[in-house]
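First comes the structure, then the notes that go with it.
Nothing in this text is a laboratory measurement; each read-out follows from the coordinates by a stated rule. Just so we're clear, the structure is a prediction, and the values are computed from it rather than from any experiment. Every residue, glycine among them, receives a Cβ derived from its backbone with ideal geometry; neighbour counts consider all protein chains shown.
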Amino acid sequence: MKSGHNYIVTLPHVSEFPEPMALKKGDWVSVGELYDGPEGWPDWYLCSVPGQEAGFVPEQILDRHADRFGTMLEDFTNRELDVVEGELLRGARQLNGGLWATRISDGATGWVPLENTRATSSQT
């Protein structure tokens, strides 16, 4: 499955993080623990910055300067997209088991677990 394709939601997903982080390229972050949940999503680190709730960030977009600090290599939000089975999405990027997607019906964007989707040939 590649990004830039359409996907159909095969399992619903509801975000557990109601206040997503919004980070900009160059922002300093405190880097905490590696995600170790039952889903097995690799290389997501719990990061924090003053004034925002802590959230998980993919390792590939962190320039780690020391064990506990890093700089963002690009703009990033960990906003998750609530989806229900059967919804159509347009995938833009895959990282570490996550799909950054746009819901075709209303244009809402966010991360969805890739395992909750299936690539489809339907066109928008």
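So the values come out like this:
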| read-out | value |
| --- | --- |
| Distance from the stretch 57-122 to the stretch 1-41 (C-alpha centre basis), Å | 5 |
| Amide proton proximity set for GLY70, modelled H, under 5 Å, gap of 5+ | VAL29, VAL31, HIS65 |
| Amide H partners (placed H, <5 Å) of ALA108, local residues excluded | ARG103 |
| Point-charge dipole on Cβ atoms (K/R +1, D/E -1) for the stretch 22-77, about Cα centre, debye to 20 | 220 |
| Proximal charge balance of GLU85 [Cβ under 15 Å; K/R count +1, D/E count -1] | -1 |
| Stokes-Einstein D (µm²/s) once Rh is taken as the Kirkwood radius of the stretch 22-77 over alpha-carbon pairs, at 20 °C in 1.002 mPa s | 191 |
| Average Cα contact separation per residue, the chain, under 8 Å, 6 or more apart, as relative contact order % | 36 |
| Cβ charges +1 (Lys, Arg) and -1 (Asp, Glu), total dipole of the stretch 1-119, debye | 480 |
| Spherically averaged projected area in nm², based on the convex hull that wraps the Cα atoms of the stretch 10-50 | 4.3 |
| Approximate shape of the stretch 48-124 as ellipsoid semi-axes (Cα gyration tensor, √5λ), whole Å, largest first | 28, 13, 10 |
| Using θ = phi - 60° and Karplus 6.51 cos²θ - 1.76 cosθ + 1.60, couplings along the stretch 5-14 (whole Hz; Gly, Pro as x) | 10, 8, 9, 10, 6, 9, 9, x, 9, 10 |
| Value in Å of the Kirkwood radius, where the stretch 1-103 supplies the Cα pairs that are averaged | 14.5 |
| Exposure rule at most 16 other beta-carbon atoms within 10 Å, DSSP loop GluC sites (Glu not before Pro): the chain longest free segment | 86-124 |
